[in-house]
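What follows is a set of notes on a single structure, which appears directly below.
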Amino acid sequence: MEEKEQKKGKNKYSIIIPTYNERLNIALVVYLIFKHLRDVDFEIIVVDDGSPDGTQEVVKQLQQLYGEDRILLRPRPRKLGLGTAYVHGLKHASGNFVVIMDADLSHHPKYLPSFIKKQLETGASIVTGTRYVKGGGVHGWNLMRKLTSRGANVLAQTFLWPGVSDLTGSFRLYKKSVLEDVISSVVSKGYVFQMEMIVRASREGYHIEEVPITFVDRVFGSSKLGGSEIVEYLKGLAYLLVTT
Amino acid sequence: MKHVLKILTILVAISAFWIGLLQASIVPRSHTWLLPIYFIVSLGCYGLLMVGVGLMRFPTCPQEALLLQKDIAEAKVFLKQNGVDVGSD
């Protein structure tokens, strides 16, 4: 099926969005995706980990509005982790490209066209959003958060030489086959998962391009970065040093 | 090659050079003995400098937060009209 679509010269983009208690955000994100991707063939795959707040009901209402072929709800019974959420969503993806993004509006769908454009221009296997170049940026971070972020970045750049400026960003576009290949070799969970994905892809020699994105920290709900994340990050860094 | 091996190779090359210097005694030995300390200190300085520069030039985007609020308001109006429940969070 993938080959057939590529022969026709027509790309389809499967946007995988993992959710947990994002009933308002998912509706807003879906609206914004449809607003900004007008002439593109795409589907949205919502992987909901059994949110108790009624996220799935809202997604069903969105299916009524936009069509069940455009929005796919592929729930799981409970919280099973981010990495497996992508694997789960990937199983149901019918596009030849896959976009992964967060539901919490820190990733604005208005950047989707620039991801797609960059991929078409360069033929890259992965296009990753970066907050740390001109045109990108972050809003809503205090000094401590910025300091942590810069420190983490300098450490990673010094020790891993990853070839990308933003390792932990998770707004990315992948060729479906590349995502399937890379994700199968990734073992990290949670925060380090995104870093391991891009480092492994880089080591395997995949062509990676970057586009600037802005990152507005969670509008609704609270951010999830604490001391344990820093420890996890350092562990992840050491793990990647010896395994990649 | 695992990445840690690349880094170790570089470290071994640097130490080999240092031992060479010690043996050849081109520069006085007391100076050569201090070189590893200089190396570590300058590495630390480099790290701190990079973090400092990164902090000072940290790209921020306050206007994006305002634009996002507009988008959210627009989305809410549309979704409410079309029967999607966006009432309470």
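The values are calculated or read from the model by the stated rules, or taken from the named source; none is laboratory data. Quantities reported herein were computed from a predicted structural model and do not represent experimental measurements. Heads up, the Cβs are rebuilt from the backbone with ideal geometry, glycines too, and the neighbour counts pull from every protein chain shown.
Quick check, is A:Lys60 more than 14 Å from chain B (Cβ to nearest Cβ), surrounded by fewer than 19 Cβ atoms within 10 Å (Cβ to Cβ) and not in a loop (DSSP other than H, G, I, E, B)?
Numbers: more than 14 Å from chain B (Cβ to nearest Cβ): no; surrounded by fewer than 19 Cβ atoms within 10 Å (Cβ to Cβ): yes; not in a loop (DSSP other than H, G, I, E, B): yes.
Here the answer is no, as A:Lys60 does not meet what is asked.
Taking region A:17-43 as the range and being within 14 Å of another protein chain (Cβ to nearest Cβ) and aliphatic (A, V, I, L, M) as the test, the residues that pass are A:Leu24, A:Ile26, A:Ala27, A:Leu28, A:Val29, A:Val30, A:Leu32, A:Ile33. Scanning for something among the aliphatic types (A, V, I, L, M), within 14 Å of chain B (Cβ to nearest Cβ) and more than 19 Å from the chain's Cα centre (by Cα), does region A:159-176 turn up at least one residue? Among the residues of region A:159-176, at least one is among the aliphatic types (A, V, I, L, M), within 14 Å of chain B (Cβ to nearest Cβ) and more than 19 Å from the chain's Cα centre (by Cα), which makes the answer yes. Among all residue pairs at least 6 apart or on different chains, which show Cβ distances below 8 Å where the first residue, located in region A:27-40, is over 19 Å from A:Lys10 (Cβ atoms) and in contact (Cβ under 8 Å) with a residue 60 or more places away in the chain and the second is assigned to a helix (DSSP H, G or I) and among the charged types (D, E, K, R)? Taking only residues 6 or more apart or on different chains, the pairs are A:Leu28/B:Asp71; A:Leu28/B:Lys76; A:Leu32/A:Lys110; A:Leu32/B:Asp71; A:His36/A:Lys110. Does A:Gly129 fit the bill of being without any contact (Cβ under 8 Å) to a residue 60 or more places away in the chain, away from chain B (no Cβ under 11 Å), surrounded by 21 or more Cβ atoms within 10 Å (Cβ to Cβ) and within 22 Å of A:Thr214 (Cβ to Cβ)? When the stated conditions are applied, A:Gly129 does not pass them.
Here's the yes/no breakdown for (1) closer than 20 Å to A:Val30 by Cβ; (2) loosely packed, with under 13 Cβ neighbours inside 10 Å; (3) within 14 Å of another protein chain (Cβ to nearest Cβ); (4) touching a helix residue (DSSP H, G or I) at 6+ places or on another chain (Cβ under 6 Å):
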{"position": "B:Leu21", "(1), (2), (3), (4)": "no, no, no, yes"}
{"position": "B:Leu34", "(1), (2), (3), (4)": "no, yes, no, no"}
{"position": "B:Tyr46", "(1), (2), (3), (4)": "no, yes, yes, no"}
{"position": "B:Met50", "(1), (2), (3), (4)": "no, no, yes, yes"}
{"position": "B:Pro59", "(1), (2), (3), (4)": "no, no, yes, no"}
{"position": "B:Leu67", "(1), (2), (3), (4)": "yes, no, yes, no"}
{"position": "B:Ala73", "(1), (2), (3), (4)": "yes, yes, yes, no"}
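So in region B:23-32, with the set limited to residues that are touching a helix residue (DSSP H, G or I) at 6+ places or on another chain (Cβ under 8 Å) and assigned to a helix (DSSP H, G or I), which one is surrounded by the fewest Cβ atoms within 10 Å (Cβ to Cβ)? Applying the filter and picking the extreme gives B:Arg29. Give the residue that is modelled with the lowest pLDDT, with candidates limited to residues of region A:200-244 that are of a type in the set (Val, Ile, Thr) and under 30 Å from B:Ile72 (Cβ atoms). It comes out as A:Val219. Within region B:13-24, residues that are free of Cβ contacts under 8 Å to residues at least 40 places away in the same chain reach partners that are β-branched (Val, Ile, Thr) with beta carbons closer than 6 Å, at six or more positions or on different chains, in the pairs B:Leu21/B:Thr32; B:Leu22/B:Thr32. If you check A:Tyr233, A:Tyr206, A:Tyr191 for being over 21 Å from A:Thr19 (Cβ atoms), surrounded by 18 or more Cβ atoms within 10 Å (Cβ to Cβ) and away from chain B (no Cβ under 14 Å), only one passes: A:Tyr233.
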